[in-house]
Amino acid sequence: MISITEAISYEFATGPDLYALCQQAANTRDQAWGKAISYSKKVFIPLTNMCRDTCGYCTFVQSPDSIHANYMTPDQVLKTAQEGAALDCKEALFSLGERPELRYQKARDKLAELGYDNTLEYLHDQCANVLDNSTLLPHVNAGALTYDELKRLKPVAASMGMMLENVTTDLLKQGQAHYACPDKTPKRRLNTLEYAGRLDIAFTTGILIGIGESWEDRVRSLVAIRDRHLVYGHIQEVIIQNFRAKPGTQMAGCQEPDLDDMKRTIAVARLILPSDISLQAPPNLEEEYGSYLHAGINDWGGISPLTKDFINPERAWPQISSVAKACEGLGYSLNERLTIYPRFQQAQGKYLTENLMQRVASMSTPHAPSAYSLSATGGLVA
Ligand SMILES: O=c1nc2n(C[C@H](O)[C@H](O)[C@H](O)CO)c3cc(O)ccc3cc-2c(=O)[nH]1
Ligand SMILES: C[C@H]1O[C@@H](n2cnc3c(N)ncnc32)[C@H](O)[C@@H]1O
Ligand code: MET
Ligand code: SF4
């Protein structure tokens, strides 16, 4: 694990320095994860595209005045899950706007039509709908949640997540990405990580880079994730996601991180985070995604044969066969995984309720990533 000072010194690493940094990170990845790169075959369920926040980069969210602002119905949720199952998907990724009913009458009206007064209660029941009526495992990405909300969702989700994005409060200032976004305060995001740890929830988090943060802010955000994991051991994966500028948004004209910036951030993340944390970067947000393998990732996250990435809808998923080729060309294999990683499945019910444990056991994939396997004595090996 490198020191904060060393991590900060890589801000402008380029050329041979960036190459050496990436090699160190790739070696660390190889030692912990071997030559197996993973992904989860999933469908995307954008349960609602209304949100009380207005992040400067987001096109997922619709203004309540738009005819497109809505909730998915239980039938639509189930149809997506069942069609995904027919295509061999194993994960239902619920990703949604945050607490729109606290801000918009239209959200309250739409919820009332569905028989609810609260988005997270509807989310709970739709996760249960997917569990009861399809073979998919729900993964919940609903942003910042309270202890009680996480506790309520735990029995209906095999894993959950929330991008920390960044710990700096600078982004909350007027004109910045998180201005007037009550769910994007570092305090609420860090509390969510903390509560998920206390509740033993297998958790995904990550940083969003290029949204106005400094390099040091990125390092401090990774260290904050590491510190929560060192207390609770609950972080299963960390996503390094690059901001993509979207026409029509407040940040339409902002510069996107380039490939070198992604590579140095991925490499530094690999060297800061404990090696049992899976390191993920999305393959659809960068043409040269194959070179992330040189920088130390071991996972591509969810890839869907059915649904688009609703958060980056103009960025099509590469074919799974193309991702496999990119891995194989560099000496790695591509292996499917479930939304909950083997190390967390095997923790004797710590992370999964009895019902979910049975479901997961019945669908375990043949190619478990190596950093997670059980030792001969049944103990966990890192
Ligand atoms: O398709 C996407 N999947 C996203 N995922 C899902 C991810 O691709 C996989 O489904 C998980 O890695 C499953 O373990 C997220 C999951 C989280 O918990 C938090 C944030 C994200 C962000 C994205 C995203 O922007 N696009
Ligand atoms: C699900 C996650 O997607 C990320 N997200 C939202 N908008 C964008 C964008 N324009 N580019 C890249 N990532 C984005 C946020 O970090 C959110 O938490
Ligand atoms: C399109 S973002 C979906 C999840 C949540 N609203 C967040 O920002 O973290
Ligand atoms: S990124 Fe998430 S929290 Fe921000 S506006 Fe979009 S849906 Fe809402």
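Looking at the range 176-191, can you tell me whether even one residue there is assigned to a loop (DSSP other than H, G, I, E, B), modelled with pLDDT of 95 or more and of a type in the set (Phe, Trp, Tyr)?
The answer is yes; a qualifying residue exists.
Taking only pairs six or more apart or across chains, which ones have beta-carbon atoms under 9 Å, a first residue in the range 41-61 that is of a type in the set (Asp, Glu), and a second residue that is within 14 Å of ligand 1 (Cβ to nearest atom)?
53/61; 53/97; 53/98; 53/143; 53/183; 53/184
Taking the range 39-61, which residues are within 26 Å of residue 323 (Cβ to Cβ) and β-branched (Val, Ile, Thr)?
43, 45, 59 - these are the residues of the range 39-61 that are within 26 Å of residue 323 (Cβ to Cβ) and β-branched (Val, Ile, Thr).
Of all residues in the range 156-175 being part of a loop (DSSP other than H, G, I, E, B) and within 30 Å of residue 125 (Cα to Cα), which is farthest from ligand 3 (Cβ to nearest atom)?
So, considering only residues that are part of a loop (DSSP other than H, G, I, E, B) and within 30 Å of residue 125 (Cα to Cα), the one farthest from ligand 3 (Cβ to nearest atom) is 158.
Residue-by-condition table, conditions (1) touching a Phe, Trp or Tyr at 6+ places or on another chain (Cβ under 6 Å); (2) more than 16 Å from ligand 4 (Cβ to nearest atom); (3) within 22 Å of residue 234 (Cβ to Cβ):
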| residue | (1), (2), (3) |
| --- | --- |
| 264 | yes, yes, no |
| 279 | no, yes, yes |
| 286 | no, yes, no |
| 289 | no, yes, no |
| 292 | no, yes, no |
| 302 | no, yes, yes |
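Can you find a residue that is within 14 Å of ligand 3 (Cβ to nearest atom), of a type in the set (Phe, Trp, Tyr) and within 30 Å of residue 86 (Cα to Cα) anywhere in the range 199-212?
The answer is yes; a qualifying residue exists.
Which residue out of 99, 152 is within 14 Å of ligand 3 (Cβ to nearest atom), under 21 Å from the mean Cα position of the chain (by Cα) and surrounded by fewer than 24 Cβ atoms within 10 Å (Cβ to Cβ)?
99
To keep it simple, each residue is scored yes or no on (1) away from ligand 4 (no atom under 16 Å from the Cβ); (2) buried (at least 20 other Cβ atoms within 10 Å of the Cβ).
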| site | (1), (2) |
| --- | --- |
| 17 | yes, no |
| 31 | yes, no |
| 42 | yes, yes |
| 50 | no, yes |
| 65 | no, no |
| 72 | no, yes |
| 79 | yes, no |
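Considering the range 197-218 alone, what residues qualify as being outside any helix (DSSP H, G or I) and of a type in the set (A, V, I, L, M, F, W, C)?
Of everything in the range 197-218, those that are outside any helix (DSSP H, G or I) and of a type in the set (A, V, I, L, M, F, W, C) turn out to be 199, 201, 202, 203, 207, 208, 209, 211.
Residue-by-condition table, conditions (1) within 17 Å of the chain's Cα centre (by Cα); (2) not β-branched (Val, Ile, Thr):
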| residue | (1), (2) |
| --- | --- |
| 123 | no, yes |
| 134 | no, yes |
| 156 | no, no |
| 163 | yes, yes |
| 199 | no, yes |
| 205 | yes, no |
| 212 | no, yes |
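Here's a check for you: in the range 114-148, which residue that is over 15 Å from residue 77 (Cα atoms) and within 16 Å of ligand 2 (Cβ to nearest atom) is surrounded by the most Cβ atoms within 10 Å (Cβ to Cβ)?
142
If you check residue 120 against the conditions, is it part of a helix (DSSP H, G or I), within 16 Å of ligand 3 (Cβ to nearest atom) and either under 26 Å from residue 65 (Cα atoms) or among the basic types (Lys, Arg) (or both)?
It is true that residue 120 is part of a helix (DSSP H, G or I), within 16 Å of ligand 3 (Cβ to nearest atom) and either under 26 Å from residue 65 (Cα atoms) or among the basic types (Lys, Arg) (or both).
Mind checking which residues of the range 233-248 are buried (at least 17 other Cβ atoms within 10 Å of the Cβ) and more than 16 Å from ligand 1 (Cβ to nearest atom)?
Of everything in the range 233-248, just one residue is buried (at least 17 other Cβ atoms within 10 Å of the Cβ) and more than 16 Å from ligand 1 (Cβ to nearest atom), namely 233.
Residues that are aliphatic (A, V, I, L, M): find the strands (runs of 3 or more DSSP E) completely inside the range 219-321 holding 2 or more of those.
Result: 235-242.
Give the range 88-113 a look and list any residue that's within 30 Å of residue 303 (Cβ to Cβ), within 13 Å of ligand 4 (Cβ to nearest atom) and among the aliphatic types (A, V, I, L, M), or say none.
Within the range 88-113, just 96 meets the criteria.
Please verify whether residue 214 is away from ligand 4 (no atom under 16 Å from the Cβ), polar (S, T, N, Q) and surrounded by fewer than 21 Cβ atoms within 10 Å (Cβ to Cβ), treating the condition exactly as stated.
yes
Quick check on the range 104-114. Is at least one of its residues modelled with pLDDT of 95 or more, touching a Gly at 6+ places or on another chain (Cβ under 6 Å) and charged (D, E, K, R)?
No - not one qualifying residue is present in the range 104-114.
Given the criteria in a loop (DSSP other than H, G, I, E, B) and within 15 Å of ligand 3 (Cβ to nearest atom), does residue 143 qualify?
yes
Out of the residues in the range 1-55 that are in contact with a strand residue (DSSP E or B) (Cβ under 7 Å, 6 or more places away or on another chain) and among the β-branched types (Val, Ile, Thr), state the one that is farthest from residue 297 (Cα to Cα).
This residue is 48.
Which one is surrounded by the most Cβ atoms within 10 Å (Cβ to Cβ), of the residues in the range 311-354 that are within 16 Å of ligand 2 (Cβ to nearest atom) and not charged (D, E, K, R)?
339
Exactly one of (1) buried (at least 20 other Cβ atoms within 10 Å of the Cβ); (2) over 19 Å from the mean Cα position of the chain (by Cα) is unmet by residue 35. Its number?
Status for residue 35: all satisfied but (1).
The values are calculated or read from the model by the stated rules, or taken from the named source; none is laboratory data. Remember, it's a predicted structure, so these values are computed and weren't measured experimentally. FYI the Cβ positions are ideal-geometry reconstructions off the backbone, even for glycines, and counts take in every protein chain you see.
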